[in-house]
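Student: Shown below is the structure under consideration.
The values are calculated or read from the model by the stated rules, or taken from the named source; none is laboratory data. Predicted, not measured: the structure shown is a model, and the values here were computed from it. Because the Cβ atoms are built from the backbone with ideal geometry, glycine has one as well, and the counts that use them run over all protein chains shown.
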């Protein structure tokens with residue numbers, strides 16, 4: 001694992017299928033889609049997605065939008081996304097790309113969206129995170145048509161009933177989005193529902209670690225609270 005900067009990069013490169021199992025259990029009450037619709041209409045629009053991963057947001061959007069171009073830096077994650085998207089329609093394309101340099105023209109999308117992706121940059125880029133995440137946001141704005149919206153979705157705490165940034169580093173990033181980058185903010189609950197508490201233990205242990213997995217074992221619950229922040233900006 002030495003070639004990877006952190007635990008999450010290893011997962012995205014080598015355990016994409018397990019990751020997809022986990023995130024497919026999130027938002028069992030379906031709160032994400034209505035929240036997105038409040039920010040920008042989805043029917044008939046063109047979308048560019050940053051950090052698409054295994055396609056959790058892409059799967060929500062494909063049946064509703066005119067076209068979506070979804071990109072991720074990990075080929076392993078996109079390999080998981082492809083077969084499920086193929087069953088939903090043909091109005092999509094996926095590809096490998098760095099969110100700081102997207103292979104898309106100017107002013108071509110009505111919506112740019114990044115789900116649970118940019119926040120990793122705070123760790124991966126160290127003291128330069130503002131400059132590097134700033135490039136990602138710059139690409140979101142460049143790609144948008146006038147009147148379009150850029151949406152960033154990030155965690156506000158796994159296992160929490162109320163929103164709280166999981167760590168000072170993410171708290172600083174979230175403040176920066178609002179204070180320096182001009183994004184508006186709201187939050188929703190996107191709780192996980194697992195088939196069994198054993199599945200909950202397995203999937204939380206692999207991604208979140210011992211502390212959360214032990215809490216699942218102690219409660220024997222199949223429901224795990226999750227708070228999710230949504231930041232958006234119009235151009």
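Student: Taking region 63-73 as the region of interest, how many residues are assigned to a strand (DSSP E or B) and either at pLDDT below 95 or out of contact with any helix residue (DSSP H, G or I) (no Cβ under 6 Å at 6 or more places or on another chain) (or both)?
Tutor: Result for region 63-73: 3.
Student: Would a scan of region 78-92 turn up a residue that is crowded, with 21+ Cβ neighbours inside 10 Å, free of Cβ contacts under 8 Å to residues at least 60 places away in the same chain, part of a strand (DSSP E or B) and touching a strand residue (DSSP E or B) at 6+ places or on another chain (Cβ under 9 Å)?
Tutor: Yes, region 78-92 has at least one match.
Student: In region 52-62, is there at least one residue being more than 14 Å from the chain's Cα centre (by Cα), modelled with pLDDT of 95 or more, assigned to a loop (DSSP other than H, G, I, E, B) and over 19 Å from residue 147 (Cα atoms)?
Tutor: Yes - at least one qualifying residue is present in region 52-62.
Student: Separate question: In the set 144, 170, 203, 177, which member is touching a residue at least 40 places away in the same chain (Cβ under 8 Å) and closer than 19 Å to residue 26 by Cα?
Tutor: Checking each option against the conditions leaves just 203.
Student: Could I ask something else about it? Search region 26-51 for residues being part of a loop (DSSP other than H, G, I, E, B) and within 13 Å of the chain's Cα centre (by Cα), and hand back the single one that is surrounded by the fewest Cβ atoms within 10 Å (Cβ to Cβ).
Tutor: Among those residues, the one meeting the criterion is 27.
Student: While we're here: If I ask for residues that are touching a strand residue (DSSP E or B) at 6+ places or on another chain (Cβ under 7 Å) and either surrounded by fewer than 16 Cβ atoms within 10 Å (Cβ to Cβ) or not in a strand (DSSP E or B) (or both), which ones from region 108-136 would you list?
Tutor: 108, 116, 117, 118, 119, 136
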